[in-house]
Amino acid sequence: MTLPEPPPASLRLTIDKAALAENWRTLDRLSGTAEAGAAVKADGYGLGIDNVMPALLDAGARHFFVAHWSEVGDVLRYVRGEQVAVLHGVANAEEAAYAKAAGCVPVINSMAQARCWTEAGGGTCHLMIDSGINRLGISPVEAGDPAIQALQVDTLMSHLASADEESVLNERQLATFRAVLPQVQAQQISLANSAGIALGSDYHFDLTRPGLALYGGVPRVELSRDIRQVATIEAAVLQVRNLQPGDTVGYNAVWQAQEPTRAATISLGYADGILRSWGQGGALQHGEHRLPIIGRVSMDMIVVDCGDSQLKEGDFCSLPYGLPQAAEVSGLSQYELLTVLGHRFLRQS
Ligand SMILES: *Cc1c(COP(=O)(O)O)cnc(C)c1O
């Protein structure tokens with residue numbers, strides 16, 4: 001049996017490609033003499049590779065970062081392998097062989113990875129120095145090791161742990177990274193993520209690696225004026241009902257009407273990435289009207305108080321998704337707000 005196309009989705013994720021492109025240009029400009037790349041891991045921070053790659057390419061981005069080898073295929077529909085860096089590197093011969101076949105560039109993160117890459121035939125790679133985040137990367141003292149010296153390093157990089165804060169760790173990591181630079185031959189140097197770009201020119205080197213801020217995240221106030229919102233969320237009203245005093249709403253009856261209340265059930269739930277934490281103080285918006293969330297967020301539904309709005313079945317409401325504000329309301333990080341978004345949205349631009 002062949003099914004017809006399904007009817008239009010009752011929830012929409014709209015990606016403002018012009019804003020995304022402008023954010024890349026802004027971050028490239030703020031990177032000074034360095035060039036901005038683009039982190040597109042986790043399906044373009046949840047917005048969809050096919051939505052984000054064309055906009056980033058139009059804007060002028062040339063260097064792309066993913067975490068997993070499974071993410072490479074989608075990106076290679078838009079760029080050449082040498083433009084794609086894989087942050088998890090090569091853990092074994094199978095991954096090294098895949099890297100060779102794809103022509104993508106592994107980020108070498110350990111002595112074992114360095115040997116693995118060399119044994120697979122070597123070639124251009126990137127090298128991650130752990131300057132203090134203690135996650136991935138070789139330690140500074142390992143930089144002089146023959147296994148590292150044998151690598152053909154394109155980008156020598158490190159990653160900041162606290163670039164979104166005023167922290168002594170930033171200067172410490174910068175100093176640690178600087179001390180390694182003379183020891184490793186490389187084509188270019190890279191340190192800053194989105195927040196690191198706002199730390200100033202000392203942190204820029206040759207290539208910056210913004211992710212979050214491309215997609216509308218504001219990790220530091222210095223960026224708040226220039227970064228534009230990229231993702232907006234809308235969902236349809238499934239039903240409207242009139243509640244009487246004493247009626248309760250949703251699982252475990254945690255909300256109870258104190259007065260006659262019009263309530264609307266919205267097609268949006270935690271399976272879509274709108275987690276339960278939105279229930280404490282979150283609200284949807286319809287025109288001028290703020291519609292507080294009442295009761296628990298369910299898997300597929302959220303109930304809101306219609307107040308004096310004329311909301312009716314089939315209307316679309318928006319969930320305010322400006323990331324800094326949405327993070328405060330939901331208690332989630334701006335990163336989580338993007339990457340939790342589920343697969344039922346009609347992603348449109
Ligand atoms: C994810 C990631 C980035 C991008 O960081 P943002 O904070 O999203 O700008 C840059 N570099 C590395 C190594 C990463 O893992």
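Just checking, which of Arg225, Arg209 is closer than 27 Å to Gln348 by Cα, more than 16 Å from the ligand (Cβ to nearest atom) and within 25 Å of the chain's Cα centre (by Cα)? Give the derivation first.
Values: Arg209 fails: more than 16 Å from the ligand (Cβ to nearest atom).
After applying the criteria, what remains is Arg225.
Just to confirm my filter: which strands (runs of 3 or more DSSP E) fall fully inside the range 279-330 and include at least 2 residues that are of a type in the set (Val, Ile, Thr) and surrounded by 15 or more Cβ atoms within 10 Å (Cβ to Cβ)?
On the way: elements: 283-286, 289-294, 302-305, 316-319.
Counting at least 2 such residues, we get 289-294, 302-305.
Take residues that are open to solvent by 10 Å² or more (accessible area, probe 1.4 Å) and either over 21 Å from Thr33 (Cβ atoms) or in the same structural domain as Gly121 (by TED's automatic domain parsing) (or both) and tell me which of the helices (runs of 4 or more DSSP H) falling wholly in the range 141-227 contain 2 or more. Reasoning before the result, please.
On the way: elements: 146-149, 168-180, 194-197.
Filter on the range 141-227 gives 146-149, 168-180.
Among the listed residues Gly121, Gly73, Gly60, which satisfies the condition of being more than 16 Å from the ligand (Cβ to nearest atom), under 26 Å from Gln229 (Cα atoms) and surrounded by fewer than 24 Cβ atoms within 10 Å (Cβ to Cβ)? Don't jump to the end; show me each part of the working.
Values: Gly121 fails: under 26 Å from Gln229 (Cα atoms); Gly73 fails: under 26 Å from Gln229 (Cα atoms).
That would be Gly60, the only listed residue that is more than 16 Å from the ligand (Cβ to nearest atom), under 26 Å from Gln229 (Cα atoms) and surrounded by fewer than 24 Cβ atoms within 10 Å (Cβ to Cβ).
Considering the range 320-336 alone, what residues qualify as being without any contact (Cβ under 8 Å) to a residue 60 or more places away in the chain and of a type outside the set (S, T, N, Q)? I'd like the intermediate steps shown before the answer.
Let us first name the residues in the range 320-336 that are without any contact (Cβ under 8 Å) to a residue 60 or more places away in the chain, namely 320, 325-333, 336.
Residues satisfying the conditions are Pro320, Ala326, Ala327, Glu328, Val329, Gly331, Leu332, Glu336.
Determine which single condition Arg347 fails, assuming it passes every other condition in (1) in a strand (DSSP E or B); (2) farther than 16 Å from Ile233 by Cα.
Answer for Arg347: the failing condition is (2).
Does Leu156 meet the test of being over 22 Å from Gly46 (Cα atoms), touching a Gly at 6+ places or on another chain (Cβ under 7 Å) and either within 11 Å of the ligand (Cβ to nearest atom) or hydrophobic (A, V, I, L, M, F, W, C) (or both)? Lay out the reasoning, then the answer.
Numbers: over 22 Å from Gly46 (Cα atoms): yes; touching a Gly at 6+ places or on another chain (Cβ under 7 Å): no; either within 11 Å of the ligand (Cβ to nearest atom) or hydrophobic (A, V, I, L, M, F, W, C) (or both): yes.
Here the answer is no, as Leu156 does not meet what is asked.
So how many residues does the range 254-278 have that are without any contact (Cβ under 8 Å) to a residue 24 or more places away in the chain and open to solvent by 10 Å² or more (accessible area, probe 1.4 Å)?
The initial filter retains those residues of the range 254-278 that are without any contact (Cβ under 8 Å) to a residue 24 or more places away in the chain, namely 256-260, 276.
With the extra rule that they be open to solvent by 10 Å² or more (accessible area, probe 1.4 Å), the set shrinks to 256, 258-260, 276.
Of the residues in that region, 5 qualify.
Taking the residues in the range 125-140 that are part of a loop (DSSP other than H, G, I, E, B) and away from the ligand (no atom under 12 Å from the Cβ) as candidates, determine which candidate is surrounded by the most Cβ atoms within 10 Å (Cβ to Cβ).
Of the residues in the range 125-140, the ones part of a loop (DSSP other than H, G, I, E, B) are 130-137, 139.
The next check asks that each one be away from the ligand (no atom under 12 Å from the Cβ); those that pass are 132, 134, 139.
Numbers: Gly132: 21, Asn134: 9, Ser139: 14.
Restricting to residues being part of a loop (DSSP other than H, G, I, E, B) and away from the ligand (no atom under 12 Å from the Cβ), the top hit is Gly132.
Which number in (1) within 15 Å of the ligand (Cβ to nearest atom); (2) of a type in the set (A, V, I, L, M); (3) open to solvent by less than 20 Å² (accessible area, probe 1.4 Å) marks the one condition that Ala235 misses?
Every listed condition holds for Ala235 apart from (1).
Please give the number of the condition Leu243 fails out of (1) surrounded by 15 or more Cβ atoms within 10 Å (Cβ to Cβ); (2) without any contact (Cβ under 8 Å) to a residue 40 or more places away in the chain; (3) within 15 Å of the ligand (Cβ to nearest atom).
Tallying (1) surrounded by 15 or more Cβ atoms within 10 Å (Cβ to Cβ); (2) without any contact (Cβ under 8 Å) to a residue 40 or more places away in the chain; (3) within 15 Å of the ligand (Cβ to nearest atom), Leu243 fails exactly one: (3).
Hey, among the residues in the range 31-47 that are within 13 Å of Glu71 (Cβ to Cβ) and open to solvent by 10 Å² or more (accessible area, probe 1.4 Å), which one's farthest from the ligand (Cβ to nearest atom)?
Only one residue fits best here, namely Asp43.
Restricted to the range 180-201, and to residues that are touching a helix residue (DSSP H, G or I) at 6+ places or on another chain (Cβ under 6 Å) and more than 14 Å from the ligand (Cβ to nearest atom), which residue is nearest to Ile108 (Cα to Cα)?
Val184
The values are calculated or read from the model by the stated rules, or taken from the named source; none is laboratory data. Please read all numbers here as calculations on a predicted model, not as lab measurements. FYI the Cβ positions are ideal-geometry reconstructions off the backbone, even for glycines, and counts take in every protein chain you see. Note: areas computed on protein heavy atoms with side chains; ligands, DNA, RNA excluded. Shrake-Rupley method; radii C 1.70, N 1.55, O 1.52, S 1.80 Å.
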